Amino acid sequence: MAARPAKKAIFEQFAADGLTLMVGNPGTVEQGFLDVLEETPGFRYVLALQESAAVGIADGYARATGGPALVQLHSGVGLGNGVGMLYQAKRGHSPLVVIAGEAGVRYEALDGQMAVDLVAMARPVTKQAMRVTHPGSVLRVLRRAIKTAMTPPRGPVFVALPMDVLDEDTDEPAVPSTIPSRATLPVAGELERAAAALRGARRPVVLAGDGVAVSGAQEELARTAEALGAPVWTVNSSELNIDTTHPLYRGDLGHMFGEHSAAAVAGADAVLVVGTYLFPEVFPLLTSPFPEGAAIVHVDLDDYEIAKNFPVDVALVADPKPTLAALAGLLGPARPAPAREPAEPYGETLMDVFAAELAARAPDELVIFDEALTASPALLRQLPPSRPGTYFQTRGGSLGVGIPGAIGIKLARPEAEVVAFTGDGGSMYTIQALWSAVRYGVAARFVICDNRRYQLLDDNLEQYWRERGIVSHPHPEGFDLSHPEIDFVRLAASLGVPGVRVSKPAQVEAAVQRMLAAPGPFLVDLITT
């Protein structure tokens with residue numbers, strides 16, 4: 001291979017791996033390879049005005065395409081700004097390849113401006129963090145990053161690229177990265193052990209997570225649950241792991257309190273866990289929520305998560321899709337489905353009215369990004385997700401994923417109608433991303449569920465009071481967002497996005513029509529107080 005500067009060779013490597021889009025925010029120590037980017041045919045740079053937005057856009061892009069997605073951050077200051085979003089990408093197993101420049105290996109001992117150990121910064125929020133120190137290994141390290149990011153359990157990988165290393169020549173060939181297949185099926189004896197543990201159960205329960213969606217195992221999960229006659233709870237689910245209109249679907253366990261998970265499995269004599277970790281709450285139970293004597297079968301490609309917190313009876317490090325298909329065959333015909341609990345009565349909210357109108361008018365190719373949090377129940381009542389690839393939810397606890405996530409999905413799937421629902425508080429973490437949507441003609445839609453509070457904190461604080469017998473009293477002033485009032489329509493307009501405020505049911509129909517007809521991005525400030 002002919003020698004050429006490594007800063008040019010990296011784009012040959014990206015092309016070899018089908019990476020033609022980079023989301024980032026530029027800096028001086030990245031200027032060399034960003035200059036080359038401008039001369040690279042077919043390669044697109046999406047500028048974000050803050051690194052959290054850049055990572056969020058790339059995360060949405062990776063989730064819509066199956067990854068990988070390429071992110072450029074600026075040295076330590078940019079990596080620091082992106083850490084929160086990288087954490088949620090790690091918890092959600094998004095296959096991001098994150099690169100950041102630094103001044104150069106030659107300056108390492110001088111402790112200059114912005115000097116920091118990038119690998120140490122990135123390690124806690126990535127699957128792997130690396131630094132290139134020789135031009136002869138630049139492409140090798142990038143291939144390793146792509147392979148690691150894409151090999152289940154997937155996750156973000158960070159590579160530090162010193163400027164002086166990229167300025168040097170390399171004769172490395174640019175060849176496609178190798179992604180190992182983990183489409184593994186347990187040996188027959190282990191499958192029969194799992195089936196035997198589940199077959200005789202009278203009160204089985206299924207707990208499923210995003211490993212099901214990554215494997216494309218939604219149909220196999222449904223068939224296995226039907227063969228067991230078992231209700232299905234999703235665990236910290238942010239993808240569509242089962243049709244939510246399926247008669248066996250019971251809901252998501254949530255992410256805050258261990259008592260919710262304990263209630264779901266309280267009467268179970270057997271539990272099948274697929275593609276998730278146990279349990280993901282902020283405040284999990286310290287003792288096992290599983291009834292004594294219940295048989296626990298756990299199937300996942302992430303061996304770290306199996307029996308991490310509680311012992312299981314059958315542990316299968318395997319791909320959910322073929323494993324569930326085999327289990328369904330061993331378990332036999334479908335059993336009668338247990339009766340559902342009657343739906344709790346609810347008063348129709350403005351969110352219900354808006355979501356119902358969207359359901360009536362939206363095209364079939366509607367994709368929802370749900371960061372609505374406390375408004376999510378109304379959204380899901382009116383728009384229950386039923387098809388893979390049409391519903392994405394926040395994960396990992398990072399606020400502000402909705403707006404950039406929808407932009408990334410729309411970049412990946414321009415033919416789809418993509419609508420993000422986010423909160424007034426969450427939106428302000430990444431509101432700059434609206435500017436990127438306008439700049440690149442990304443016609444995503446954004447609905448701000450505007451209750452002028454951090455309502456989730458109100459709800460969680462009340463749970464805290466109940467648990468400790470504390471008498472209810474006014475919520476902390478720090479949860480209030482009403483003063484000064486944020487005018488989201490004017491704010492969006494300042495970034496180039498038209499919008500409308502909706503505070504009454506009579507305004508909903510016109511707002512939805514206008515939103516769906518807009519040729520570019522559009523924002524609705526939906527007053528949900």
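No value in this document is a laboratory result; all are computed from the given coordinates. No experiment lies behind these values; they were computed from the predicted model shown. Ideal geometry is used to build each Cβ from the backbone, glycine not excepted, and the neighbour counts take in all protein chains shown.
Evaluated over the Cα positions of region 375-470, the convex hull gives a direction-averaged projected area, one quarter of its surface, of 7.6 nm².
Distant-in-sequence amide contacts of GLY499, defined by a placed amide H-H separation under 5 Å and a gap of 5 or more residues or a different chain, comprise LEU523. Note: relative contact order over region 421-529, using C-alpha pairs below 8 Å and six or more positions apart, is 39 percent. Structural descriptor for region 342-467: relative contact order 26 percent, calculated from alpha carbon pairs under 8 angstrom and at least 6 residues apart. If R0 is 41 Å, the Cβ-Cβ spacing of LYS504 and ARG4 corresponds to a FRET efficiency of close to 0.05.
For region 5-84, state the average projected area of the convex hull of the C-alpha atoms over all orientations, rounded to one decimal in nm².
For region 5-84, averaging the hull's shadow over all directions gives 5.2 nm².
Could you compute the longest span of the chain free of chymotrypsin sites (Phe, Trp or Tyr not before Pro) located in DSSP loops and having at most 14 other Cβ atoms within 10 Å, not counting the site residues?
1-303
Straight-line cross-link partners of LYS7 among the lysines, defined as a Cα under 25 Å from its Cα and at least 8 positions apart when in the same chain: LYS127, LYS147. D by Stokes-Einstein for region 170-324, Kirkwood Rh over Cα pairs, 10 °C, 1.306 mPa s: 99 µm²/s.
Amide H contacts under 5 Å for ALA129: PHE158, restricted to partners 5 or more places along the chain or on a different chain, H placed in the peptide plane at 1.01 Å from N.
Given the convex hull of the Cα atoms of region 186-239, what is a quarter of its surface area in nm²? Show your work: numbers first, answer last.
Numbers: hull surface 16.2 nm².
Averaging across all directions leaves 4.0 nm² for the Cα convex hull.
For VAL418, the amide hydrogen comes within under 5 Å of the amide hydrogens of VAL367, ARG445, counting only partners 5 or more places away or on other chains and with H modelled in the peptide plane.
Compactness check for region 52-109: Cα Rg over 2.2 N^0.38 Å is 1.21. The trypsin sites (Lys or Arg not before Pro) of region 170-270 that meet both conditions, a loop assignment by DSSP and at most 11 other Cβ atoms within 10 Å of the site Cβ, are ARG202. Working note: Karplus 6.51/-1.76/1.60 with θ = phi - 60° gives region 72-84 the couplings 10, 10, 9, 6, x, 5, x, 4, x, 5, x, 4, x Hz, where Gly and Pro are set to x.
Translational diffusion coefficient of the chain (Stokes-Einstein, Kirkwood radius from Cα pairs, 10 °C, 1.306 mPa s): 65 µm²/s.
For region 476-525 versus region 13-61, the inter-centroid distance based on Cα atoms is 30 Å. Taking every alpha-carbon pair within region 451-529, the share separated by more than 22 Å comes to 44 percent. Short-range pairs are left out: with C-alpha atoms under 8 Å and at least six residues apart, the relative contact order of the chain is 14 percent. One Cα centroid belongs to region 383-457, the other to region 267-340; the line between them spans 31 Å.
Scalar couplings 3J(HN,Hα) for region 492-498, obtained by applying the Karplus form with A = 6.51, B = -1.76, C = 1.60 to θ = phi - 60°, are 4, 4, 5, 9, x, 9, x Hz; x denotes Gly and Pro. With all pairs of separate Cα atoms included, region 34-171 yields a Kirkwood hydrodynamic radius of 15.1 Å. Shown in residue order for region 285-297 are the 3J(HN,Hα) couplings computed by the Karplus curve 6.51 cos²θ - 1.76 cosθ + 1.60 at θ = phi - 60°: 5, 7, 9, 5, x, 6, x, 4, x, 5, 7, 10, 10 Hz (x for Gly and Pro). What is the list of residues in region 432-466 whose amide nitrogen lies under 20 Å from a point 7 angstrom out from the Cα of HIS473, following Cα to Cβ? Taking a point 7 Å out along Cα→Cβ of HIS473, the residues of region 432-466 whose backbone N falls under 20 Å are 457-466. All other residues whose Cβ lies under 14 angstrom from that of GLU485 are scored, Lys and Arg at +1 and Asp and Glu at -1, for a net of -1.
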